[in-house]
């Protein structure tokens with residue numbers, strides 16, 4: 001049985017390999033422009049049972065910052081001890097309750113600070 005996403009996946013791989021082979025580099029923002037990242041998920045994103053309340057967001061922040069990336073976590077809720085605790089983590093939610101938030105409807109609706 002053929003997977004409905006197989007054709008898309010093959011096309012994506014071919015496009016990426018083609019770009020790499022031709023030396024095309026992706027466009028980039030100014031080095032001091034923060035990467036705006038919305039941690040989206042359930043209790044692990046919120047930080048439930050994490051000693052700091054940060055969940056995976058703390059280590060993610062640390063890894064990206066160590067690589068020199070300025071960051072700005074965004075979201076409508078705040079939790080944890082980190083300096084930028086913004087996120088969209090909702091403890092107790094199921095994936096079918098979270099999935100609709102992963103659409104582009106967030107564009108322009110999330111606080112910038």
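Throughout, read-outs are computed from the coordinates displayed, never taken from laboratory work. Because the structure is predicted, anything quoted here is derived from the model rather than measured. Glycine also receives a Cβ, built like all others from the backbone with ideal geometry; neighbour counts cover every protein chain displayed.
Express in nm, to one decimal, how much length is gained between residue 33 and residue 49 on full extension, taking 0.36 nm for each residue of separation and deducting their alpha carbon distance.
Length gained, residue 33 through residue 49: 2.5 nm.
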From the P(r) of the stretch 32-113, can you give the percent of Cα pairs sitting at distances over 17 Å?
45
Distance between modelled label sites at residue 98 and residue 64, nm, 7 Å Cα→Cβ extension
1.6
